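Structure, as structure tokens:
Taken together, the values in this text are just the output of simple stated rules run on the coordinates, not laboratory data. Just so you know, these numbers come straight off a predicted model, no measurement behind them. Heads up, the Cβs are rebuilt from the backbone with ideal geometry, glycines too, and the neighbour counts pull from every protein chain shown.
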């Protein structure tokens, strides 16, 4: 029997570099420049020894098509005979010189399923690397395995989603309005969006449990924000979208751009909402465009109260809109500080300033997850987490006013930090124990990595932490967080999350959760309620933050009332279809 | 003194998974009858082949050859299949057609044309109406394609449970042209009703006031949803195309990437097999969720009728689910629900058809000692629809418990085998 080839062709030790470059479609195949070329870009991804798929240490592409019931065989090779990494789809030399050759090469890539597989692999890895960079540690997927499976052509269906149960991402394809087949795996935003679901699920697994509309909406919003901000790390693409001129025609001139192209509305239209969106344009009923409507939502503090915005995707758009508007405001502010040449701006500087703001916000958005309670997340708590994440790294906000701008923009969309547990500027309060904390019985070294040790610490100090012990407590994670402190020194902290789960009968709701039982709920009704918190230990092993959603809390009333009305008080989340249904509904508009 | 019924008897027919209710209004001069739904998608155990014809004959005998009112709440097979005729003229629908029928009531979505006169639904535009009708037709098409995928082997490696559910819901949503056409011919007058319509059934059922709580019209729905229904319709127009496109691609052997080497699904190397299998299951669940979604849409076209007669209120909501109920529950008519004496349990006891806020409104529910206690009537068959582990089983266990504890429940699934119907009597004027 012929054994499957699992070893790569590399015979020598892998080269020392940390990254390699791979070709991707930068936005989607719908972005076409004036010279007819498409927005391809080479991106850096973590270097590794890839075997066919491509399959690496965190991603396994399995190009199986359930509609056609065939596997598109992976034929691309990712290293040369010397074991050096190669990009099998890099533009050949002649494509650099000749426009015709370039267009031909681009067209060939779009017809090659192995390139599609590479595109999905590279964007997933790039998104993973971005999370790991922001958090200063390895980030696990939302399931026990190490490799996220990716099906770039899973089925003929206008849908793409993450399934925890199947440990994978599924990308559909469909005939577009123009007759051409649309591949969702070629859309940068869709791949980055789905990858973010898988990553957020790994960081906060309880965010997929049934809860208030904010929780489901948060998953969508963060996925959108990551997808939208990621593109700014490709300056050549952003620059070209703002001013469509092939770089090679510059001849050393400074490219300039008119100020009217740099207003908040113009930037929204060009760089954020107007990009590509082949999926949107080609979707049979044109509703895919709704995917990007969020950024056009004008600030309105009543939005979240409107019935339309109770629906999770619409609700998520409000959070994404607040983030993107804050981004544009901050970018615009930096542009204002740039000099002009006869009234026009230096395009490269404009793009660079956008990249800086996007990079900072993206890091904040990801780091903020560490400061979010592990259950029943709401927009308000996320804002406090966002502000805290930034305040920890940049205590002085007076230069660029990131935090002030975010707080102000979020308020304009009706999102304010929680009224309790926060400083006046919205940053979480430092931990102030009501009774003394006992550190002496815990082993400092074990506390950095051992769930049982952290559990012991929590159990011993449950009084000081305000945990009433009625729920079952489980320590979800104990993770190191490494970053540069404001003084430039390396700061090592430990982030631990614990979750309290209470299985109750209706009769116990008031006693345990401190809220009234929803009208009509029988005393015998089974109810599952969650509490939990994140404890950040500083470099001395002392508690710096304890950010908790307690079991006994007024928020339980809203959650219970909603679940009771939906008949889902004790129904577990559907770990396969949770995002499948959500995303199809969204694409349907 | 005006003519009014003195008593109401409800015959709840054993049709397995389906609905068939004959309401008898007893008047001093003669009895008058209303038939509410007549369909089944899962015959009762040990039922004979001509079970539905047997039911039809019993209805004919019981109403003495005359039905004042026929109501078809919506076009699902488990509510209308009994109206289907046979080429040789002895189908259950032929027996019903042989009766003298005065009025036929259906939801506005079944109107043959966008009515231009005052009895037409208050729709946004004739185009919107046409669009909705096309969407309903497309839903049948989608079901047909989904069932064909079961037949052509596209889903043969998928777990049995998924295939069975797909088949069950798919069949319920297939177009039953014969029944639909028969319903279009039946009766002296036909009404296509919507929320708030003044339905003049009192002309043939004196002393009975009928309120139409649902379905809402497109415009009414828009006022609570702010979502354009036409967009939703358009999705359904295209849904069958997507499935048929997928099937055609398979049937014609059209390659997505011509010339690229492939490996067939049944001969995959070990490293691909686990996930490839997952992709197949996920695809099948996609089709299933599409079919589930259209099933729900169709349920939400259900008529919700409330009869007020001799101081009693009888509620017949067909299979209306939460989206249909939502409009009724926030309307002034919702107040009328407090006084309901008899409730036909919506959608065979499913999770979403008896919203908690509806159940909470029934003031007459309570323990068996309660005077004038609520009566509930359910026609259902366990093990046909939904999954217990997902909390979607029909009838839903938690609802069943509430019905048993807080009302006088009559359910066909508890009836002795072989019994053709259950009889429930309400005395009036008390």
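Among A:162, A:173, what is the fewest-to-most ranking by other Cβ atoms within 10 Å? Provide the component values of the computation, followed by the final result.
On the way: A:162 28, A:173 24.
Listed from fewest to most nearby Cβ atoms, that is A:173, A:162.
Potential lengthening of the chain between residue A:133 and residue A:336 amounts to 70.1 nm, from the contour at 0.36 nm per residue minus the alpha-carbon distance.
Set the Förster radius R0 to 60 Å, insert the Cβ-Cβ distance between residue A:73 and residue A:302 as r into 1/(1 + (r/R0)^6), and round the FRET efficiency to 0.05.
On the way: r = 55 Å, r/R0 = 0.91.
Efficiency, from the Cβ-Cβ distance: 0.65.
Stokes-Einstein, applied to the Kirkwood radius of region B:148-222 over Cα pairs at a viscosity of 1.567 mPa s and 4 °C, places its translational diffusion at 78 µm² s⁻¹. In the calculated pair distance distribution of chain A, what percentage of Cα-Cα distances lie above 30 Å? Of all Cα-Cα distances in chain A, 55 percent exceed 30 Å.
Using 0.36 nm per residue and subtracting the Cα-Cα separation, the extra length available between residue B:130 and residue B:100 on full extension is 7.7 nm. Nearest 0.05, what FRET efficiency do residue B:62 and residue A:310 give at R0 = 60 Å with Cβ-Cβ as r? Once rounded, the FRET efficiency stands at 0.80. How many angstrom separate the Cα center of region A:19-88 from the Cα center of region A:344-375? Centre-to-centre (Cα) distance: 26 Å.
The P(r) of region A:19-203 has a tail past 21 Å containing 49 percent of all C-alpha pairs.
For the pair residue B:175 and residue A:526, label points projected 7 Å from Cα toward Cβ lie 4.4 nm apart. Start at zero, step by 5 Å, and the Cα-Cα distances of region B:6-92 spread as 3, 14, 25, 25, 17, 9, 4, 2, 0 percent across the bins. The helix-only estimate of mean residue ellipticity at 222 nm for chain B, built from DSSP H runs of length n ≥ 4 each weighted as -39500 (n - 2.57), is -11500 deg cm²/dmol after division by the residue total. Size of the protein assembly as shown from its Cα atoms: along the principal axes, largest to smallest, the extents are 100, 72, 69 Å. Evaluated over the Cα positions of chain B, the convex hull gives a direction-averaged projected area, one quarter of its surface, of 23.6 nm². Multiplying the residue separation of residue B:244 and residue B:370 by 0.36 nm and removing their Cα-Cα distance gives an extension gain of 39.8 nm.
Exposure proxy shown here: for B:219, B:189, B:267, the number of other Cβ atoms within 10 Å sets the order, fewest to most, as B:267, B:189, B:219. A P(r) calculated from all alpha carbon pairs of region A:226-412, with 5 Å bins opening at zero, reads 1, 7, 15, 18, 19, 16, 12, 7, 3, 1, 0, 0 percent.
Please order A:419, B:85 by the number of other Cβ within 10 Å, starting at the fewest.
Numbers: A:419 7, B:85 19.
Ranked by crowding around the Cβ, least crowded first: A:419, B:85.
The label point for residue B:163 and the one for residue B:9, both projected 7 Å from the Cα toward the Cβ, are 4.7 nm apart.
For region A:142-198, the orientation-averaged shadow of the C-alpha convex hull comes to 3.8 nm² (one quarter of the hull surface). If R0 is 45 Å, the Cβ-Cβ spacing of residue A:401 and residue A:516 corresponds to a FRET efficiency of close to 0.60.
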